[in-house]
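What follows is one structure encoded as structure tokens, with my remarks underneath.
The values are calculated or read from the model by the stated rules, or taken from the named source; none is laboratory data. Note that the structure is a prediction, hence the values are computed from the model and not measured. Quick reminder, even Gly has a Cβ in these numbers, built from the backbone with ideal geometry, and neighbours come from all protein chains shown. These accessible areas exclude ligands, DNA and RNA; they are computed on the full protein's heavy atoms, side chains included. Shrake-Rupley method; radii C 1.70, N 1.55, O 1.52, S 1.80 Å.
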Number of protein chains: 2
Amino acid sequence: MAEVTLRDVARLSGCSVATVSRVLAGSRPVGAETARRVRAAVDSLGYRPNHVARALRSRSTGTIGLVLPQITNPFYPTLVRELTRALHTHDRAVILADCDDDPMTEAARIDALLARQVDALLVVPVDEKRSVAAVTAAAARVPLVLLDRGCGPGVADSVVVDNAAGIQLVLDHLAAAGRRRPCFVGAAGTASAAVERRAAYESGVGALDPRAPGRVELGEFSVEWGRAAVDRVRAHRPDAIVCANDLIAIGALQRLRQLGVDVPGEIAVTGFDDIPMASLTDPGVTTVRQPVAELAAEAARLLDRRLAGEKAGPSRTVRLGPELIVRGSSTTDCTGPADAASGADAAWDRKPAKNPVS
Amino acid sequence: MAEVTLRDVARLSGCSVATVSRVLAGSRPVGAETARRVRAAVDSLGYRPNHVARALRSRSTGTIGLVLPQITNPFYPTLVRELTRALHTHDRAVILADCDDDPMTEAARIDALLARQVDALLVVPVDEKRSVAAVTAAAARVPLVLLDRGCGPGVADSVVVDNAAGIQLVLDHLAAAGRRRPCFVGAAGTASAAVERRAAYESGVGALDPRAPGRVELGEFSVEWGRAAVDRVRAHRPDAIVCANDLIAIGALQRLRQLGVDVPGEIAVTGFDDIPMASLTDPGVTTVRQPVAELAAEAARLLDRRLAGEKAGPSRTVRLGPELIVRGSSTTDCTGPADAASGADAAWDRKPAKNPVS
DNA sequence: AAGTTCTCGGAGAACGATTTCCCAGATCGT
DNA sequence: ACGATCTGGGAAATCGTTCTCCGAGAACTT
């Protein structure tokens with residue numbers, strides 16, 4: 001029904017399509033009286049501009065492709081929300097693509113988005129190494145911002161959290177609590193989060209116990225692995241288990257409880273990311289919170305800058321500082337998950353703020 | 001760079017753009033030799049069709065708008081994954097819109113998607129009543145399928161889970177386990193899930209205890225409310241708390257643990273949805289699993305049918321049967337969350353199946 | 001053998017906006 | 001008062017496809 005075009009508006013207001021376009025886009029001054037007539041015609045007809053036609057002519061679709069490794073990873077929903085929010089204020093739409101954690105699929109999705117003429121891409125790369133080809137190729141065609149995970153140096157703009165600083169926060173916290181025999185349960189593979197967090201642990205753990213560097217076990221970012229890892233480190237009688245993310249920490253916590261180990265009395269457990277679930281276990285997981293809203297805002301800003309012309313310039317990297325969230329899994333100063341202070345920070349645990357950081 | 005158009009291909013292969021279009025789209029038979037030349041030219045030039053131009057001409061963008069109440073609700077990520085997967089096989093892209101659980105925002109997002117000429121809409125309405133205006137208006141312009149929640153009768157095609165059957169499964173389970181004094185903790189408001197689950201409880205609870213209908217408390221779908229609700233029902237000394245969704249159940253579980261109540265010994269707790277977290281608490285939450293993959297597949301099918309012409313026809317509703325997942329919160333036959341059988345079903349707890357239901 | 005269908009290919013009109021020219025009249029400068 | 005600039009507006013090209021005509025020749029039909 002609503003097949004109202006510029007021509008219709010032009011006809012009704014008694015002027016040409018060019019003029020109508022001009023008053024709507026404000027691309028050139030138009031006489032006051034004419035503008036009035038045009039505007040009257042516009043909302044008398046209920047005219048809605050056709051984005052597709054506009055896109056064809058102006059070579060800009062106003063859409064951004066968002067490529068995620070796996071939307072079901074509990075860390076991403078919040079990121080998606082913040083990103084859509086940030087981009088929507090600039091009248092951009094987000095086309096979502098899920099990669100099933102597979103670099104092949106990722107490459108295919110990126111290609112599909114490019115074929116759809118997205119104006120830019122936001123990519124959380126699946127793998128630090130195996131994603132690099134597809135990403136660099138894409139970056140050559142449209143502005144591209146890497147998010148949360150890196151993907152080789154200088155490939156594209158990127159905004160990431162400072163993993164090393166986060167792990168350091170954890171180590172400092174454990175040291176202050178008197179823990180001396182930590183171990184690390186991380187993820188194998190070349191994903192940047194896995195690599196950076198492990199490296200940071202290895203370089204910082206010496207402060208706790210200069211002689212025994214603490215065992216390091218590598219698996220994957222899953223609850224299952226967290227459970228399994230506990231059995232592999234118990235023989236070393238650690239007094240703290242530093243996990244590379246919250247899923248691992250949650251798994252570890254489960255297994256420890258099952259074994260009847262006192263947490264945090266006998267062993268402290270820490271995670272990374274601060275996914276909603278981390279505040280709901282018992283005890284709550286001490287973890288490193290990623291500044292998701294800032295991550296999103298910064299990515300949007302970088303994107304805007306590139307879209308506003310700034311084609312050249314070397315790729316910038318914004319590194320954001322994380323925050324330590326102390327909960328019951330590492331200290332008894334803090335009560336269980338039902339504690340108001342720690343229990344209330346799950347995003348969906350209360351009405352969302354209408355005007356967040358922005 | 002890749003500004004290769006049909007014209008270029010036509011020029012190189014020595015024929016007209018019409019012919020090239022035909023061989024690419026297969027819209028009409030083309031001579032074998034000509035087709036060969038065209039194809040050679042196509043991949044010698046690396047031609048990629050321009051979706052925008054195609055969309056303008058054919059009045060179909062190949063994009064579907066997906067409107068969600070709140071992506072951070074842990075029930076949706078899986079749904080999003082299945083939907084994108086299902087739609088991608090038909091070469092459709094998904095534009096995501098988050099509503100912040102607000103009907104106004106929802107209306108605005110729907111409008112924006114319509115302006116972008118999405119081919120169809122998938123909507124999980126925010127509110128059974130206050131979403132109806134925007135949804136009906138949208139349904140008049142494009143095919144629209146309601147998902148997971150209803151939105152008034154006959155407004156559009158919809159695919160939902162049978163909430164009543166789900167609650168009945170729970171009640172049967174509790175009855176079989178000998179529970180006789182249940183109570184219900186649900187959500188106020190007119191969201192269809194809230195209404196239907198509450199109604200089903202009220203109509204089915206008589207079988208447990210014909211004299212005392214069991215107390216009903218209404219709040220919202222949140223962990224916080226689950227915690228609070230426990231304090232409001234404890235005076236009635238229930239032996240089972242039937243919660244309207246998993247978040248509430250998790251909250252209840254936390255509070256009960258904090259109070260030192262034995263679950264499931266003294267009180268059983270049940271949820272609804274089977275979000276990933278439900279299998280990770282201790283004890284695991286007995287809950288009703290929504291058949292998310294089927295939900296998505298069915299929605300995709302409905303959409304395809306409408307997009308394939310079938311404009312007329314009354315709106316159909318597909319109602320899918322849920323499945324009871326028994327975990328430790330309602331029976332001692334089932335061990336804790338670390339139990340392999342109950343702990344392994346979180347979607348992101350293992351590598352995703354490459355070829356699921358389909 | 002003439003008429004009829006069939007097949008393959010080209011020319012060109014849409015699709016609905018933006019944008020570049022170009023022109024008429026008003027305003028300005030000297 | 002006359003040329004130069006400025007201003008508001010229209011005609012038409014353009015973006016890259018798809019699709020409708022149209023026509024020329026080959027293949028049938030009778």
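Points to keep in mind about this one:
- Sorting B:121, B:114 on solvent-accessible area from highest to lowest, probe radius 1.4 Å, gives B:114, B:121.
- Sorted from closest to farthest, the other copies place their residue A:165 label points 5.3 nm away, with each point set 7 Å from Cα along Cα→Cβ.
- Here the translational diffusion coefficient of chain B follows from Stokes-Einstein with Rh set to the Kirkwood radius across Cα pairs; for 4 °C and 1.567 mPa s it amounts to 57 µm²/s.
- Taking other residues whose beta carbon is less than 15 angstrom from the beta carbon of residue B:272, and scoring Lys, Arg as +1 and Asp, Glu as -1, yields -4.
- Descending principal axes extents, the protein assembly as shown, alpha-carbon based, whole Å: 77, 69, 59
- For the stretch B:99-154 versus the stretch A:22-42, the inter-centroid distance based on Cα atoms is 32 Å.
- Interface burial for B against A (accessible surface, 1.4 Å probe, total of both chains, Å², rounded to 100): 5600
- Choice from B:31, B:152, B:219 showing the highest fluctuation, given a GNM over chain B with Cα pairs closer than 10 Å: B:31
- Sparse-neighbour loop sites [GluC sites (Glu not before Pro); the stretch A:279-328; at most 15 other C-beta within 10 Å; DSSP]: A:310
- Distances between placed amide hydrogens fall under 5 Å for residue A:325 paired with A:287, A:288, A:289, all partners being 5 or more residues away or on another chain.
- Each of B:269, B:221, B:160 was scored by the projection of its Cα onto the charge dipole of the protein assembly as shown, and the greatest displacement toward the positive side belongs to B:160; charges sit on the C-beta of Lys, Arg, Asp and Glu.
- Solvent-accessible area of residue B:104, all protein chains in place: 150 Å² (probe radius 1.4 Å, heavy atoms, ligands and nucleic acids excluded).
- The amide H of residue B:268, built 1.01 Å from its N in the peptide plane, has B:240, B:241 as neighbours under 5 Å, considering only residues 5 or more places off or on other chains.
- Its DSSP H runs of at least 4 residues, each contributing -39,500 (n - 2.57), put the calculated 222 nm mean residue ellipticity of chain B at -12500 deg cm²/dmol, to the nearest 500.
- List of the stretch A:45-87 residues, accessible area with partners at least 50 Å² below that of the chain alone (1.4 Å probe): A:48, A:51, A:52, A:56, A:71, A:72, A:77, A:81
- For the stretch B:109-179, convex hull of alpha carbons as volume per residue, Å³: 95
- Rounded to the nearest 20 debye, dipole of the stretch A:6-49 from Cβ charges on Lys, Arg, Asp, Glu: 80
- For residue A:94, distant residues with modelled amide H under 5 Å away: A:64, B:96
- Extents of the stretch B:1-44, taken as max minus min of Cα coordinates on every principal axis and listed largest first, are 32, 17, 15 Å.
- Share of carbon and sulfur in the accessible area of chain A stands at 53%, probe radius 1.4 Å.
- Å² per residue, accessible surface of chain A at 1.4 Å: 41
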